[in-house]
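Below: the structure, in structure tokens.
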Amino acid sequence: MTNLNGKWAVLAIVAMTLVLLTAATFAGSGPVLAVKKSSTTLTSAHHIKGVKILHVHTYKPSVVTVGSTFSLRAIVYNNSSSTITFANGTCTSQLSVRFNKNVMIEPQPAAASCKALPRSVALKPGEQLLISSPNLSGIAYRATAPGMTNATMTFKYGVEAITGKSPIGDSISKVLTFNIRGSGPQPAGLHPSPQPSPLKLPVP
């Protein structure tokens, strides 16, 4: 009888030890499971996908010929759930452009004399703004050869954090493909198609 009671006592101790070890294991892993790192990533990705570059086109002139200088225009649309901020001053622009061929980026004398402070712009969810490049920023885009050309436009901005900390910097890019025409007279019957009017989006 004594041996039986002893065996039950040992079995009870083993069972209690297993229960305590199991509880300690789950308790130790609890904080790790409670960390919500993925929610921050998802929120950031939502903001990145929510900022769009729309209605990208050549401007002044809309039809580019060899030897002419021109600009690019686009609409920044904030389709995210947070306010975005960016600099949009006279001397600086958050819109940069890279051409694959047929265009030369020329520095302008105004770059050295431009002293205007950058102006910070805030776009709330659902708002839009027309931006251009160059924006009197001391450079000019000059067409050097005819043919189809790709312009990769990169727009840099900051997403205002809910916690009140500094904005989270990010960027979005879009490619515009356009044709640079020769500098001579165009064949009869060929007329450049007019540029569509700027896209109007609802602003709440």
Restricting to the range 127-166, give me the number of residues that are among the charged types (D, E, K, R) and either closer than 15 Å to Ser82 by Cβ or not in a strand (DSSP E or B) (or both). 3
So, first residue at pLDDT below 90 in the range 144-167, second residue part of a loop (DSSP other than H, G, I, E, B) and of a type in the set (Asp, Glu), Cβ within less than 9 Å, six or more apart or across chains; the pairs are Pro167/Glu160
Being hydrophobic (A, V, I, L, M, F, W, C), surrounded by 14 or more Cβ atoms within 10 Å (Cβ to Cβ) and within 24 Å of the chain's Cα centre (by Cα) is the filter here; which residues of the range 130-152 pass it? Ile131, Leu136, Ile139, Ala140, Ala151
Pick from Ser39, Ser82, Ser44: which is part of a loop (DSSP other than H, G, I, E, B) and either closer than 23 Å to Gln128 by Cα or at pLDDT below 90 (or both)? Ser82
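The values are calculated or read from the model by the stated rules, or taken from the named source; none is laboratory data. The model shown is predicted, which means the values in this text are computed figures rather than measured ones. No Cβ is skipped: glycine too gets one built from the backbone with ideal geometry, and neighbour counts run over all protein chains shown.
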